[in-house]
Amino acid sequence: MTAEVITGRKVWSTITAAVERTPKGERCVAVAYLGADARRLLPLSGGDTLVVDCSERTAAAGQTNPAVVREYIKTGINVYWCDNLHAKVYVLGDKAIVGSPNISSTSEGVLTEAIAVIRERRAIDQARKFVYSLATAEHLVDEARLVGCEAAWVAPRGGQRGTSQPERPANTTPTPDRRLWFVPTQVFTQMHHRRYYLGDDKIISTGNISIRASERIPSHSSADQGGFRLISVQYKATPGLRAGDVVIQCNFAILGRSYAYPPSTVESVMPLGRGRSTVYIAKLRRPADTRPIPLQQLRDECRKLNVSMPTGLFDRPSEVRELRAKRSLLRMWSGIPTLP
């Protein structure tokens, strides 16, 4: 038999056993994401080759864990990065495994996965050629890339399924030392034709820009003050948001008054789709007890500060760079701290 299809719980026992039986240096893998349990599931060693989507984007989305990447590099594995990688190809000596699983405990214990184990020489050579075509010298993961990913890293909300809740970032309080953005949004209160699901939060969208608040959640560290709301904002083009940034949502109402919502801290940013169809989901934490202010009040303050802000729903998000202006803007909401 030159190929065999394996599904369900046998997928990861098959991959791990094949890795352990293959001599080091004869293993090369291209896979999109690495979870916290990757070293156990994929026990590579010195001389092996690993290609993964190791970027600030995937770190901020909790998809590729930079700490695991660093551990692989320390053991002598050649690790390369490839943006937008979605393939899962495992070339292990005299066999190639191609299928659906990323390397995580979620893949192992929750998701329904399938792989094809290929033993035909020509197909194995093609798979190996594909992996090595991505493992070029200019894409070797270096210290600068690792440090950037570690700074952007946000653990997945709820952890990998079947694991304990991860710790939150030490401080999710909006402060003027962080990057500050105006993001135009619109609140939808009725069902629309397009839905996305992200964890436990349902995001309802018309395909432009939308926002929906989920349940109130408690604080998760001593640095948080009181409760927070978890907010999901979807938009078609990312303004460069990353974990730790502060967002002021400028809500443009179709009917009624428009409001500026309290400054919220970006917890993660995740892309959905590819190419022109890509949309971005930013997960924000907003102080639950701080009320919005009229949007016109924010416009007046921006005019005094000579700061530009979105004038309509379809404007691009804009960044406020001057520290003095950020301090003044954050003071507009009671309970938001300011730095001296």
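Values quoted throughout were computed directly from the atomic coordinates according to the rules given, and no laboratory measurement underlies them. No experiment lies behind these values; they were computed from the predicted model shown. Note that each Cβ is placed from the backbone with ideal geometry, even for glycine, and that neighbours are counted across all protein chains shown.
What's the extension gain from His139 to Arg299 if we count 0.36 nm per residue and subtract their Cα-Cα distance? Mind showing how you got there, number by number?
On the way: separation 160, 0.36 × 160 = 57.60 nm, distance 4.49 nm.
53.1 nm is the gain from fully extending His139 to Arg299.
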message: Report the gain in length on full extension from Lys74 to Glu150: 0.36 nm times residue separation, minus Cα-Cα distance, nm rounded to one decimal.
response: 25.8 nm
field: Segment Val5-Leu313, extension gain: residue separation times 0.36 nm, minus the distance between their alpha carbons
entry: 106.0 nm
- prompt: Taking the simple approach of a point 7 Å from Cα along Cα-to-Cβ for both Leu111 and Ser13, what is their distance in nm?
  reply: 2.1 nm
message: Could you tell me the relative contact order of the stretch 1-99? Use alpha-carbon pairs under 8 Å, at least six residues apart, and round to a whole percent.
response: 32 percent
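Sorting Glu143, Glu108, Glu301 on the 10 Å Cβ count, fewest up front, what's the list? Numbers along the way, then the final one.
Details: Glu143 9, Glu108 22, Glu301 18.
Final ranking by Cβ density, sparse to dense: Glu143, Glu301, Glu108.
Which FRET efficiency, nearest 0.05, do Arg39 and Arg119 yield, Cβ-Cβ r, R0 35 Å?
Details: r = 27 Å, r/R0 = 0.76.
Efficiency at R0 = 35 Å is approximately 0.85.
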